[in-house]
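To start, the structure itself, in structure tokens.
The values are calculated or read from the model by the stated rules, or taken from the named source; none is laboratory data. The structure presented is a predicted model; accordingly, all values stated were derived computationally and were not measured. Every residue, glycine among them, receives a Cβ derived from its backbone with ideal geometry; neighbour counts consider all protein chains shown. In case anyone asks, the SASA skips ligands and DNA or RNA and just uses the protein heavy atoms, side chains included. Shrake-Rupley method; radii C 1.70, N 1.55, O 1.52, S 1.80 Å.
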Amino acid sequence: MEKLRVAIVGCGGIANGKHMPSLQKVEECEMVAFCDLDIERAQIAAAEYGIPGAKVTTDYMEIANDPDIDVVHVCTPNRSHSFITIACLEGGKHVMCEKPMAKTAADAQAMLEAAKRTGKKLSIGYQYRQDYVHTTMKAACDRGDLGEIYFAKAHALRRRGVPTWGVFLNEYEQGGGPLIDIGTHALDLCLWMMNNYEPHSVMGSKYRKLADTAYASNGWGSWDPKDYTVEDSCFGFIKMKNGASIMLESSWAINITDAVEGTITLAGTKGGATSRGGLQFNGEEDGKLYSQNTPRGGEVEYFDGYNPGDRCESDARQWIRSIINNTDPCVLPEQALVVSKILEAIYKSSETGETIYFD
């Protein structure tokens with residue numbers, strides 16, 4: 001079997017923690033090239049994950065213009081997602097770009113247009129869709145078990161989980177803090193479950209309240225406050241064109257005890273569901289309220305031993321197979337673009353104090 005030849009652009013934390021270990025388990029592909037501004041980091045990645053003689057470079061254009069590469073995974077800071085992705089698409093590559101789609105909605109729009117122009121596949125790394133609890137919830141939503149979903153909460157809260165490596169704290173490179181970093185995952189889940197990508201308006205508030213104190217209790221060590229140029233928490237209220245509402249909460253550092261991320265809560269006319277604290281469905285039947293961790297009448301049994309790392313392998317596998325089989329990947333760029341537009345509107349609302357309306 002001829003394998004798809006994959007290149008990695010950006011060999012830092014997310015590539016090592018997610019993309020490369022997952023791709024290594026996918027039989028239909030092999031990693032043939034590695035690019036990073038730090039050549040030593042690319043060399044280390046090539047030695048661990050690459051085929052013998054894998055290409056190593058500091059120039060992403062060498063990846064984009066290499067005719068022997070089929071697929072590129074873009075694992076760089078948010079600011080560079082757009083121009084690297086566009087170059088690789090125009091170079092004839094299919095592209096998996098790490099979330100969020102881009103630093104700005106305009107950049108994300110340009111990526112979508114490049115994918116349409118070139119006819120190459122583009123997907124964004126929203127791997128939480130692959131969690132067992134979320135695939136079960138999605139199946140229930142698609143069957144209509146919850147009825148019309150008119151209210152949702154997107155949960156992305158860390159009590160003390162500020163990422164202190166790389167450029168996470170740099171607004172210029174990333175575009176924001178917890179909202180664009182982890183809030184983006186929870187928002188993507190809500191829109192996907194609701195199958196609703198038509199926002200009407202957004203209100204938002206962002207805060208930088210704890211960043212000036214380098215907390216020793218932070219999970220990834222302390223930070224220098226002068227380098228912390230993004231928010232430490234951000235909240236949004238999104239109204240959709242059909243009247244549905246979404247509350248989005250995100251933080252890296254906040255004084256709460258019930259922190260949880262990558263989870264959602266849904267309320268529909270027939271029932272509700274949540275992945276917060278484990279999968280649970282609720283509703284009313286025969287005059288009685290019920291709450292259980294399987295969908296009503298569903299054939300899928302809840303699995304209480306899920307390994308979160310499995311979501312990344314599953315995401316990589318479905319992406320590679322979408323290319324081989326010429327099918328749609330799980331995450332469409334049109335969907336990811338709406339996520340980026342909403343995130344940008346939340347930031348804008350916070351800065352202006354005004355409600356942001358969509359056309």
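Around the Cα centre of the range 39-99, unit charges on the Cβ atoms of Lys, Arg, Asp and Glu (plus for the first two, minus for the last two) sum to a dipole of about 220 debye.
When the P(r) of the chain is calculated, the portion above 34 Å amounts to 27% of the C-alpha pairs. Rounded to 0.05, the FRET efficiency of the residue 289 and residue 237 pair, given R0 = 22 Å and the Cβ-Cβ distance, is 0.20.
Solvent-accessible area per residue in the chain equals 44 Å², computed with a 1.4 angstrom probe and all protein chains kept.
Each Lys and Arg contributes +1 and each Asp and Glu -1, all at the Cβ; summed about the Cα centre of the chain, the dipole is approximately 480 debye. Radius of gyration (Cα atoms) of the range 236-291, expressed as a multiple of 2.2 N^0.38 Å: 1.40. Protection proxy ranking for 203-215, 147-159, 276-288, using the average of other Cβ atoms within 10 Å per residue and placing the highest first: 147-159, 203-215, 276-288. Inter-label distance, residue 359 to residue 327: 3.5 nm, where each label sits 7 Å from its Cα along the C-beta direction. Placing unit charges on each Cβ (+1 for Lys and Arg, -1 for Asp and Glu) gives the range 41-166 a dipole about its Cα centre, and among 83, 154, 50 the Cα reaching farthest toward its positive end belongs to 154.
Please compute the length gained on full extension between residue 142 and residue 216, using 0.36 nm multiplied by the number of residues separating them and subtracting their Cα-Cα distance. Don't jump to the answer; show the numbers that get you there.
Numbers: separation 74, 0.36 × 74 = 26.64 nm, distance 4.47 nm.
Result: 22.2 nm gained on full extension.
Convex hull of alpha carbon positions in the range 77-133: directionally averaged projected area 4.1 nm². About the centre of its Cα atoms, the range 78-196 shows a dipole size close to 160 debye [charges on the beta carbon of Lys, Arg (+1) and Asp, Glu (-1) only; nearest 20 debye].
Stokes-Einstein, applied to the Kirkwood radius of the range 1-53 over Cα pairs at a viscosity of 1.306 mPa s and 10 °C, places its translational diffusion at 145 µm² s⁻¹.
In the chain, the portion of solvent-accessible area held by carbon and sulfur atoms comes to 47 percent [1.4 Å probe, whole percent, DNA, RNA and ligands not counted].
Find the lysine pairs in the range 1-127 meeting two conditions, Cα atoms under 13 Å apart and a separation of 8 or more places or different chains, and report how many there are.
Numbers: 3/25; 18/99; 93/116; 93/120; 93/121.
Number of lysine pairs found: 5.
Above 24 Å, the calculated P(r) of the range 90-186 contains 41 percent of its Cα-Cα pairs. If the chain linking residue 348 and residue 30 were pulled fully straight, counting 0.36 nm for each residue of separation and taking away their Cα-Cα distance, it would gain 110.3 nm. With the cut-off at 14 Å, report for the range 143-217 the share of all Cα pairs above it, as a whole percent. Roughly 72 percent, rounded to a whole number. Over all pairs of different C-alpha atoms in the range 161-271, the reciprocal of the mean inverse distance, the Kirkwood hydrodynamic radius, equals 15.1 Å. Overall dimensions of the range 196-345, expressed as equivalent-ellipsoid semi-axes from the Cα gyration tensor (√(5λ), whole Å, largest first), are 31, 23, 21.
Across 171, 354, the residue with the most accessible area heads the list, and the full order at a 1.4 Å probe is 354, 171.
Take every DSSP beta bridge whose two residues both sit in the chain, then give the antiparallel share in percent to the nearest 5. Display every interim value, and only then the final one.
Working: 37 of 65 bridges.
Bridges in the chain are about 55 percent antiparallel.
Per DSSP helix of 4 or more residues, -39500 (n - 2.57); summed, then divided by the residues of the chain. What does that give at 222 nm, rounded to the nearest 500? It would help to have the intermediate numbers written out before the result.
Numbers: 10 runs with 107 residues, N = 359.
My calculation for the chain gives -9000 deg cm²/dmol from helical runs alone.
Annotation: aspartates and glutamates with alpha-carbon distance below 14 angstrom to residue 341 (same-chain offsets under eight excluded): 107, 188, 198, 359.
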